[in-house]
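The values are calculated or read from the model by the stated rules, or taken from the named source; none is laboratory data. Just so it is clear, the model here is predicted, and its values are computed rather than measured. Virtual Cβ from ideal backbone geometry, glycine too; neighbours counted across all protein chains shown.
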Amino acid sequence: MDAKADLAAIKDRSRALIKAVNAPMKGFGQLSAAVKEPGALSTKEKEYIAVGIAVVQGCDDCVAFHIDVLMKLGATREEFAEVLAMCLQMGGGPVVMNAGRALEVWDQLAA
């Protein structure tokens with residue numbers, strides 16, 4: 001796995017999808033921006049929720065995307081590991097495999 005190359009490919013696919021179905025993707029982008037605005041929870045806390053859902057759902061592309069955002073928001077590996085622990089508690093055995101991949105992505109993007 002090359003998490004940095006994978007992340008670049010994820011972003012390329014997203015840009016291609018924006019060109020292919022602009023209106024729906026624009027709407028999705030507006031929704032994403034709106035829900036990430038700080039309120040009772042900070043943007044970083046909301047991103048931790050998003051990455052936790054992505055891990056439990058097994059969406060590797062989503063995990064990489066949200067890890068990238070979290071790193072830009074100043075998240076730490078220790079904080080991320082606690083989110084993974086909650087994912088394990090909520091998701092059981094299958095999430096162990098997803099969480100392991102997610103931690104590998106974090107480490108590769110941090111390198």
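Just a few scattered comments:
- All positions within segment 86-110 that are touching a helix residue (DSSP H, G or I) at 6+ places or on another chain (Cβ under 8 Å) and aliphatic (A, V, I, L, M): 86, 88, 90, 95, 96, 99, 102, 103, 105, 109, 110
- Among the residues listed as 51, 96, 56, 63, the single one being touching a residue at least 40 places away in the same chain (Cβ under 8 Å), of a type in the set (Val, Ile, Thr) and touching a Leu at 6+ places or on another chain (Cβ under 8 Å): 51
- Residues being closer than 28 Å to residue 101 by Cβ and outside any helix (DSSP H, G or I) - total across segment 34-51: 2
- Scanning segment 23-33 for residues that are in a loop (DSSP other than H, G, I, E, B) and either within 23 Å of residue 87 (Cβ to Cβ) or at pLDDT 95 or above (or both) turns up nothing.
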